[in-house]
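Below: one structure, written as structure tokens.
The values are calculated or read from the model by the stated rules, or taken from the named source; none is laboratory data. Note that the structure is a prediction, hence the values are computed from the model and not measured. Note: ideal-geometry Cβ built from the backbone for every residue, glycine included; neighbour counts use all protein chains shown.
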Amino acid sequence: MINVQLLDIPLSVDNCLQQVQDDGAGGTALFVGTVRNQTQGRSVVRLEFEAYAPMAWKEMHKIAETVTTRWKALHVSIHHRTGILKIGEIAVVIAVATPHRQAAFEACAFAIDTLKETVPIWKKEVFEDGEVWVAAHP
């Protein structure tokens, strides 16, 4: 099963993890990306995420399909946040359930790395002394 969501409300790690529960899974890997309080030595006040939703959803679904095929994942769940996020809030959650643990680790790493490279999501980093738009996933 594939579950892909692009949401403008707080993400739930539990919800994402529940989407991949399976008695046939020997391993489940989870990645949670949060907003940190500094970037390159500058204090971050907040992040603002924007996405081209139709393409973002399509690209995240493509990543999940690749994970399902390449690592024989039983379930893949990818949730990404849009809107204004405060320090400590969750920006992305990825959960992958596979028959074996190594595949789960590899698949989860592939999913976040590929998401950073291919999904049209942008973020504005708001600092104490200014702001800058950057690719959310350089």
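At a glance:
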read-out: Any hit, region 112-130, residues being under 25 Å from ILE2 (Cβ atoms), among the acidic types (Asp, Glu) and in a strand (DSSP E or B); value: no
read-out: Pick from region 111-137, criterion without any contact (Cβ under 8 Å) to a residue 60 or more places away in the chain, buried (at least 17 other Cβ atoms within 10 Å of the Cβ) and in contact with a strand residue (DSSP E or B) (Cβ under 9 Å, 6 or more places away or on another chain), ranking: farthest from ALA73 (Cα to Cα); value: HIS137
read-out: Qualifying residue in region 52-71 (condition: crowded, with 17+ Cβ neighbours inside 10 Å, at pLDDT 95 or above and more than 15 Å from the chain's Cα centre (by Cα)); value: yes
read-out: Matching residues, region 79-108, being under 16 Å from LEU17 (Cα atoms), part of a helix (DSSP H, G or I) and of a type in the set (Gly, Ala, Ser); value: ALA104, ALA107
read-out: Selection status of THR28, buried (at least 16 other Cβ atoms within 10 Å of the Cβ), more than 19 Å from ASP8 (Cα to Cα) and touching a Gly at 6+ places or on another chain (Cβ under 6 Å); value: no
read-out: Residue within region 61-69 that is among the aliphatic types (A, V, I, L, M), in contact (Cβ under 8 Å) with a residue 60 or more places away in the chain, closer than 17 Å to VAL4 by Cα and not in a strand (DSSP E or B) present; value: yes
